[in-house]
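Single-structure report; data block below.
The values are calculated or read from the model by the stated rules, or taken from the named source; none is laboratory data. These numbers come from a predicted model, not from an experiment. For neighbour counting, all protein chains shown are included, and Cβ atoms are generated from backbone atoms with ideal geometry for every residue, glycine included. Just the protein is used for accessible areas: all its heavy atoms, side chains included, with ligands, DNA and RNA removed. Shrake-Rupley method; radii C 1.70, N 1.55, O 1.52, S 1.80 Å.
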Amino acid sequence: QIKLVHVSAVMLSGSFFAVRGLSLLAGLAWPRFAPVRYLSYGIDTVLLTAAMMLLTILPREIYANGWLLVKLGFVASYVVLGILAFRPQRGTGTRVALLSAAVLCFLQAYCIARAHHPAGALYLAGVL
């Protein structure tokens, strides 16, 4: 049940981020409204709480190849890039680059979690 909550929160967080980012690029103001930001924070709090719960109940051997550390690096990058992208003083080109990079970090973190391998998307694609 914890994994279901975690996976659901991951999908909701990524989807909500993408919708907010595309809306911001379209010139809409609602992505910066306080209730929208607080909803995003709430979703991410549920996500982080479920992740910490999974971390405490899963056996340590599952993390032996370092995939979790690599995934956390991509998650941290996703958060920082997202914060920078939503700042009002950014130009459109910079915002597009930051949002694109954030989405790529999110997707790589997702692939790493699915594969339980640090190479993530490359591993799932059979390249490694």
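Within the accessible area of the chain, the carbon and sulfur atoms contribute 71%, probe 1.4 Å, all protein chains present. Taking 15 Å as the cut-off, the amide N atoms of region 69-112 that come nearer than this to a point 7 Å along the Cα-to-beta-carbon line of ALA29 belong to 88.
When the square roots of the Cα gyration tensor eigenvalues are ordered a ≥ b ≥ c, the ratio a/c for region 68-114 is 1.5 or more and a/b exceeds b/c, which makes its shape prolate. Toward the positive end of the charge dipole of region 18-128, with +1 on the Cβ of Lys and Arg and -1 on the Cβ of Asp and Glu, the farthest Cα among PRO88, ILE112, ALA102 is that of PRO88.
In the set (1) 28, 18, 11; (2) 40, 11, 10; (3) 28, 15, 12, the label that goes with semi-axes √(5λ) of the Cα gyration tensor in Å computed for this structure is (1). Working note: Karplus 6.51/-1.76/1.60 with θ = phi - 60° gives region 66-82 the couplings x, 4, 5, 5, 5, 4, 4, x, 5, 5, 4, 5, 4, 5, 4, 4, x Hz, where Gly and Pro are set to x.
So for each of 21-29, 104-112 I average, over its residues, the number of other beta carbons within 10 Å; can you give me the resulting order with the highest mean first? Before the final figure, lay out each step's value.
Working: 21-29: 13.0, 104-112: 20.1.
Most protected by this proxy first, the peptides run 104-112, 21-29.
Once the Cα atoms are used to define both axes, helix 34-57 deviates from the longest principal axis of the chain by about 10 degrees. Any idea which of LEU24, TYR63, GLY42 is furthest toward the positive side of the dipole for the chain, if Lys and Arg beta-carbons carry +1 and Asp and Glu beta-carbons -1? Selected residue: LEU24.
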